[in-house]
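Everything on this sheet refers to the single structure shown next.
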Amino acid sequence: MTLQEADPQIAELMAKEQHRQESTLELIASENHVSRAVMEAAGSVLTNKYAEGYPGKRYYGGCQFYDQIETLAIDRAKQLFDCKYANVQPHSGANANLAAFMAMMQPGDRFISLNLASGGHLSHGMKLNTSAIFYKPAHYELDPKTETIDFDSVRAKAQEIKPRVILCGYSAYPRTIDFAQFRKIADEVGALVMADIAHIAGLVAAGIHPSPFPHAHVVTTTTHKTLRGPRGGLILTNDEELNKAINRSVFPGSQGGPLMHIVAAKAVAFGESLRPEFKSYARQIVKNAKALADALIAKGYRLVSGGTDNHLMLVDLRARNAELTGADVEKALEAAGIISNKNGVPNDTRPPTQTSGLRLGTPAITTRGLKEADMATVAAFIDRAVLAKGNTDGLAKIRGEVAEFCKKFPMPH
Ligand code: DSN
């Protein structure tokens, strides 16, 4: 029985969601559109079975093909990131980070990271997250002038706290990360470096952003952002002992049975990322981000740190109009068919539910085939929607134009 026959309600909502994706510009920096092949693996017969354990060491019978699939996923991940060990089972980035913490620290141990408000992630020590409930976070800062990582602050915090782990890698940071500097400071205080490259994994895999290896002891990532795979997590290391600890921390430490349909979809995505076309894709993401950043600056917006080196930019809306909040602009843009997310800017005076900023990224629109020349059109849509804020008819008109524009750029099928 098809889904349409078995459950028309869900089928209809899925069809609407497909239309929404097709007819809007997806500018959320952490989202992407996967290939048909990845989708096929994710929605497959592989969801039917338990495979607790690791290849060759399972707690259930009947895992022979699962062993081969997981081994392929591991081998491809190692090749992609040029490292010795990979755990492909984490269900998400937050799960990957928790398992990495468990492998490197004992409960109560200290670590330092960038806080959420400055561009970090909730699993990097936000007070309600396990990372702060079981471990002790402290935070280093951005340089207030350049709005980039202040390595004097990293060093000072590291010397003061003597952390077990120094965590780098961010959710709203538009600049290249200097992993070597983090390692230098970690070596000075006897800490381990953990790099969460969730946002930039695709750029790292393609060689467009410097690799965290050999500087980081442990690398975590999601697989669904610039890497363009299914939603999920991944942990990498070159250290044999850490690898054993990571494997224990994922299973049985923090997860049960792996989602093997997702592991297969990760393997498919890693296979795609190993092809030369993926390098061109990753290069185009960055070119598009720079072009969009320039077009927005030309319209009077201020970008945190003045621009971008990667796939995302953080727009400080106050330069365009001091009254604008991220929440209002996110809503106006959505009504105009442009999907984004409100985001705090460094030292934001507004709360996280309002914010003064907007985070924009180009991974998804690059997958749809938009190029640099199209970024002027995208910036013009954005600015028109900002100016039309609160004007339902004006936003609906832009929504129609955006939908028409999107027809030129089909989703991957
Ligand atoms: N929620 C993701 C993001 O949007 O950056 C991070 O996990």
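The values are calculated or read from the model by the stated rules, or taken from the named source; none is laboratory data. Quick caveat, the model's predicted, so the values are computed rather than measured. Here the Cβ positions follow ideal geometry from the backbone for every residue, glycine too, while neighbour counts run over all protein chains shown.
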_I need the full set of residues from the range 131-151 which are charged (D, E, K, R) and surrounded by 21 or more Cβ atoms within 10 Å (Cβ to Cβ), in order please._
147
_Matching residues in the range 200-226 - criterion: being touching a residue at least 60 places away in the same chain (Cβ under 8 Å), within 15 Å of the ligand (Cβ to nearest atom) and of a type outside the set (Gly, Ala, Ser)_ = 200, 203, 220, 221, 222, 224, 225, 226
*Looking at 197, 133, 177, which is the one that is modelled with pLDDT of 95 or more, within 16 Å of the ligand (Cβ to nearest atom) and out of contact with any helix residue (DSSP H, G or I) (no Cβ under 9 Å at 6 or more places or on another chain)?*
177
*Find the helices (runs of 4 or more DSSP H) located wholly in the range 173-274 whose residues include 2 or more that are touching a Ser or Thr at 6+ places or on another chain (Cβ under 6 Å), among the aliphatic types (A, V, I, L, M) and closer than 24 Å to residue 146 by Cα, and list them.*
201-205
*Which residue out of 10, 69 is loosely packed, with under 13 Cβ neighbours inside 10 Å, away from the ligand (no atom under 16 Å from the Cβ) and either closer than 29 Å to residue 339 by Cβ or not small (Gly, Ala, Ser) (or both)?*
10
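Within the bounds of the range 272-279, is there any residue that is surrounded by 22 or more Cβ atoms within 10 Å (Cβ to Cβ) and either within 24 Å of residue 51 (Cβ to Cβ) or modelled with pLDDT under 95 (or both)?
Yes, that holds for at least one residue.
Consider the range 99-121. How many of its residues are assigned to a strand (DSSP E or B), of a type in the set (A, V, I, L, M, F, W, C) and more than 16 Å from the ligand (Cβ to nearest atom)?
Looking only at that region, the number is 2.
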*Is at least one residue of the range 31-45 more than 30 Å from residue 355 (Cβ to Cβ), away from the ligand (no atom under 16 Å from the Cβ), aliphatic (A, V, I, L, M) and surrounded by fewer than 16 Cβ atoms within 10 Å (Cβ to Cβ)?*
yes
*Which of (1) within 16 Å of the ligand (Cβ to nearest atom); (2) under 16 Å from residue 113 (Cβ atoms); (3) not hydrophobic (A, V, I, L, M, F, W, C) does residue 183 not meet, given it meets every other one?*
(1)
*Would you point out which residue out of 180, 191 is among the aliphatic types (A, V, I, L, M), out of contact with any Asp or Glu (no Cβ under 9 Å at 6 or more places or on another chain) and within 24 Å of residue 90 (Cβ to Cβ)?*
191
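Just wondering, is there one or more residues in the range 335-352 that are assigned to a helix (DSSP H, G or I), in contact (Cβ under 8 Å) with a residue 40 or more places away in the chain and of a type in the set (Ser, Thr, Tyr)? I'd like the intermediate steps shown before the answer.
Here is the first cut: in the range 335-352, the ones assigned to a helix (DSSP H, G or I) are 335.
Now narrow it down to the ones that are in contact (Cβ under 8 Å) with a residue 40 or more places away in the chain: 335.
With the extra rule that they be of a type in the set (Ser, Thr, Tyr), the set shrinks to none.
The answer is no; no qualifying residue exists.
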*Hey, can you tell me all the residues within the range 68-111 that are free of Cβ contacts under 8 Å to residues at least 60 places away in the same chain and of a type in the set (Lys, Arg)?*
110
*Would you please list the contacts, defined by Cβ atoms under 9 Å and residues six or more apart or on different chains, that run from a residue in the range 121-134 that is within 21 Å of residue 29 (Cβ to Cβ) and of a type in the set (Lys, Arg) to a residue that is modelled with pLDDT of 95 or more and in a helix (DSSP H, G or I)?*
none
_Filtered residues of the range 354-370 (kept if within 23 Å of residue 24 (Cβ to Cβ) and assigned to a loop (DSSP other than H, G, I, E, B))_ = 355, 362, 368, 369, 370
